[in-house]
Amino acid sequence: MIRTAGSPPQHVADQLDRIVEELSDTFHGVFAPETVRRFVDETFELLDSHATIKTHLVTLTARFAKQRLTDYGHAQGLAHVTVPQVLFVCVHNVGRSQMAAALLEYHAFGKVSVRSAGSRPQGQIPAAVTDALRELGIGLTEAYPKPLTDEVVHAADVVVTMGCGDACPVYPGKRYLDWQVDDPAEAPIEVVRRIRDDIDHRVRGLLSELVDD
């Protein structure tokens with residue numbers, strides 16, 4: 001691939017090449033290397049344009065590109081999917097949607113696939129959010145703000161919006177829910193706990209509808 005003047009430095013470009021090779025092996029027989037390359041480069045650009053701290057940008061690119069390719073395969077019918085997929089969307093993807101995704105994963109025990117994204121992802125997850133979830137034994141050590149992309153919406157069975165307005169594209173055949181939940185950004189821990197419990201109640205209700213125990 002010929003990179004332009006705005007491309008990443010050579011050492012980063014070399015790391016992206018290795019990611020393309022690894023993901024091409026992972027998705028061998030599903031996607032051509034050219035498709036993998038397109039997703040990796042696009043993912044790096046998306047994360048780079050939104051990231052406040054770019055120390056682990058390449059590592060996050062590998063993770064997010066793999067997720068995007070998985071969802072693209074799901075949406076295209078190229079991957080066998082056995083569980084429903086839920087997408088939580090808020091504005092910055094550092095508060096409500098991250099809490100909802102973490103809580104659903106915690107309760108679902110793998111019976112539901114969970115994604116989260118932001119219509120305008122930016123910033124870092126507030127300490128009060130991570131602390132409130134840690135009180136329930138849920139860690140957010142690997143969470144990071146992710147942009148809302150087309151394939152994740154296509155792959156979702158249920159899309160839950162949480163204060164992102166009309167930013168989320170609407171596709172037929174999907175279930176859309178709009179949860180009116182307060183924003184935990186800059187809120188004190190006692191308020192964040194209340195928001196956490198509100199989301200937890202909603203998540204448990206959604207899970208009971210999606211999964212028959």
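Answer yes or no as to whether Phe88 is crowded, with 20+ Cβ neighbours inside 10 Å and among the hydrophobic types (A, V, I, L, M, F, W, C). Please lay out each step first, then the result.
Numbers: crowded, with 20+ Cβ neighbours inside 10 Å: yes; among the hydrophobic types (A, V, I, L, M, F, W, C): yes.
Yes: the conditions hold for Phe88.
Let's see how each residue does on (1) in contact with a Pro (Cβ under 9 Å, 6 or more places away or on another chain); (2) in the same structural domain as Pro121 (by TED's automatic domain parsing); (3) under 17 Å from Pro121 (Cα atoms):
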{"site": "Gly29", "(1), (2), (3)": "no, no, no"}
{"site": "Phe39", "(1), (2), (3)": "no, no, no"}
{"site": "Ser49", "(1), (2), (3)": "yes, no, yes"}
{"site": "Thr52", "(1), (2), (3)": "yes, no, yes"}
{"site": "Arg63", "(1), (2), (3)": "no, no, yes"}
{"site": "Arg68", "(1), (2), (3)": "no, no, yes"}
{"site": "His74", "(1), (2), (3)": "no, no, no"}
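Of Asp198, Asp183, which residue is in the same structural domain as Val89 (by TED's automatic domain parsing), farther than 28 Å from Lys66 by Cβ, part of a loop (DSSP other than H, G, I, E, B) and over 17 Å from the mean Cα position of the chain (by Cα)? Walk me through how you get there before you give the answer.
Numbers: Asp198 fails: part of a loop (DSSP other than H, G, I, E, B).
Going through Asp198, Asp183 in turn, the sole match is Asp183.
Could you check, for the range 161-175, whether at least one of its residues is surrounded by fewer than 19 Cβ atoms within 10 Å (Cβ to Cβ), within 30 Å of Gln76 (Cβ to Cβ), in contact with a Pro (Cβ under 6 Å, 6 or more places away or on another chain) and of a type outside the set (Asp, Glu)?
no
Can you pull out the residues in the range 25-75 that are crowded, with 19+ Cβ neighbours inside 10 Å and of a type in the set (Ser, Thr, Tyr)?
Thr43, Thr61, Thr70, Tyr72
Given the criterion modelled with pLDDT of 95 or more, touching a Gly at 6+ places or on another chain (Cβ under 8 Å) and surrounded by 15 or more Cβ atoms within 10 Å (Cβ to Cβ), identify the matching residue among Val129, Val192, Val203, Val158. Before you say what the answer is, go through the steps one by one.
Details: Val192 fails: touching a Gly at 6+ places or on another chain (Cβ under 8 Å); Val203 fails: touching a Gly at 6+ places or on another chain (Cβ under 8 Å); Val158 fails: touching a Gly at 6+ places or on another chain (Cβ under 8 Å).
Checking each option against the conditions leaves just Val129.
Test Phe88 against the stated conditions and say whether it is part of a helix (DSSP H, G or I) and either without any contact (Cβ under 8 Å) to a residue 40 or more places away in the chain or under 28 Å from Leu210 (Cβ atoms) (or both).
When the stated conditions are applied, Phe88 does not pass them.
Looking at (1) in contact with a strand residue (DSSP E or B) (Cβ under 7 Å, 6 or more places away or on another chain); (2) in a loop (DSSP other than H, G, I, E, B); (3) surrounded by 19 or more Cβ atoms within 10 Å (Cβ to Cβ), which is the only condition Val83 fails?
Single failed check for Val83: (3).
Could you please let me know if Leu16 is in a helix (DSSP H, G or I), touching a residue at least 40 places away in the same chain (Cβ under 8 Å) and under 21 Å from Ala155 (Cβ atoms)? It would help to see each step written out before you state the result.
Working: in a helix (DSSP H, G or I): yes; touching a residue at least 40 places away in the same chain (Cβ under 8 Å): yes; under 21 Å from Ala155 (Cβ atoms): no.
Judged against the criteria, Leu16 is not a match.
Quick one: count up the residues across the range 71-123 that are more than 18 Å from Met162 (Cβ to Cβ), more than 12 Å from the chain's Cα centre (by Cα) and polar (S, T, N, Q).
So the answer is 2.
Within the range 25-43, track down each residue that is more than 21 Å from the chain's Cα centre (by Cα) and in a helix (DSSP H, G or I).
Of everything in the range 25-43, those that are more than 21 Å from the chain's Cα centre (by Cα) and in a helix (DSSP H, G or I) turn out to be Asp25, Pro33, Glu34.
Could you grab me the full set of residues in the range 92-113 that are surrounded by fewer than 21 Cβ atoms within 10 Å (Cβ to Cβ) and of a type outside the set (Lys, Arg)?
Applying the first criterion (surrounded by fewer than 21 Cβ atoms within 10 Å (Cβ to Cβ)) to the range 92-113 yields 105-112.
Selection gives Glu105, Tyr106, His107, Ala108, Phe109, Gly110, Val112.
Residue by residue, here is whether (1) at pLDDT 95 or above; (2) not small (Gly, Ala, Ser) holds:
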position	(1), (2)
His11	no, yes
Val20	yes, yes
Phe27	yes, yes
Ala32	yes, no
Thr35	yes, yes
Ser49	no, no
Thr55	no, yes
Thr82	no, yes
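The values are calculated or read from the model by the stated rules, or taken from the named source; none is laboratory data. Keep in mind the model is a prediction, meaning the values are calculated, not measured. Neighbour counts are summed over all protein chains in view; Cβ atoms, including those assigned to glycine, are modelled from backbone coordinates with ideal geometry.
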